[in-house]
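These notes are about the structure you will find just below.
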Amino acid sequence: GDLDKVVNLLLSLSGRLARVENVLSSLGENTSSEERSSLNEKRKLLAGQHEDARELKENLDRRERVVLEILGNYLSEEQLQDYQHFVKMKSALLIEQRELDDKIKLGQEQLKCLMESL
């Protein structure tokens, strides 16, 4: 459960940070300093939150190694490898699901804009 939460948190913060950085990089010269400052503050806040989430992930990885050691005393080598594969695939599938959800959302937004332009 913690793995799901931390991976989703990292993905969410990464996406938000990327969007803010994209907006900052596309700002024109006529953008007010107040707006630019606000976006920079938001970027700093998101970067700090992202770093905190990375620390949570590192702590989770340490806990996983401890659990793996304990399970090593009770499971066969094959069962232990299956467990490790499950944990790795779970993270990968969460990331893939998030990417697909984002693509679906983008497609729906594009479709809506196309329908409105007709």
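The values are calculated or read from the model by the stated rules, or taken from the named source; none is laboratory data. The structure displayed is predicted, hence computed values, not measured ones. When we count neighbours, we look across all protein chains shown, and the Cβ atoms used for this are built from the backbone with ideal geometry, even at glycine. Ligands, DNA and RNA are stripped out before the accessible areas are found, and what is left, the full protein with its side chains, is counted by its heavy atoms. Shrake-Rupley method; radii C 1.70, N 1.55, O 1.52, S 1.80 Å.
Axis of helix 2-25 versus longest Cα principal axis of the chain: the two differ by about 20°, to the nearest ten degrees. Taking square-rooted eigenvalues a ≥ b ≥ c of the alpha carbon gyration tensor, is region 2-117 rounded, prolate or oblate, where a/c under 1.5 means rounded and, failing that, a/b exceeding b/c means prolate? Verdict is oblate for region 2-117. With the highest mean first, a sort of the peptides 24-32, 99-107, 80-88 on other beta-carbon atoms found within 10 angstrom per residue produces 80-88, 99-107, 24-32.
Placing a pseudo-label 7 Å from each Cα along the Cα-to-Cβ vector at E99 and E34 gives an inter-label distance of 4.1 nm. For region 1-61, what does the convex hull of the Cα positions come to per residue, in cubic angstrom? It comes to 58 Å³ per residue, whole-number rounded.
What 222 nm value per residue comes from the helices of the chain, counting each DSSP H run with n ≥ 4 as -39,500 (n - 2.57) and dividing by all residues, nearest 500 deg cm²/dmol? Working shown, then result.
On the way: 3 runs with 105 residues, N = 118.
Taking each H run of at least 4 residues, the total per residue is -32500 deg cm²/dmol.
Helix 33-72 and the longest principal axis of the Cα set of the chain meet at an angle near 10°. Ligands, DNA and RNA are left out, and with a 1.4 angstrom probe the accessible area of region 1-81 is 72 Å² per residue.
With the simple spin-label model, which puts each label point 7 Å out from Cα in the Cβ direction, the D2 to E21 separation comes to 2.8 nm. Summary of the geometry: region 54-97 and region 1-38, compared by the centres of their Cα atoms, lie 30 Å apart.
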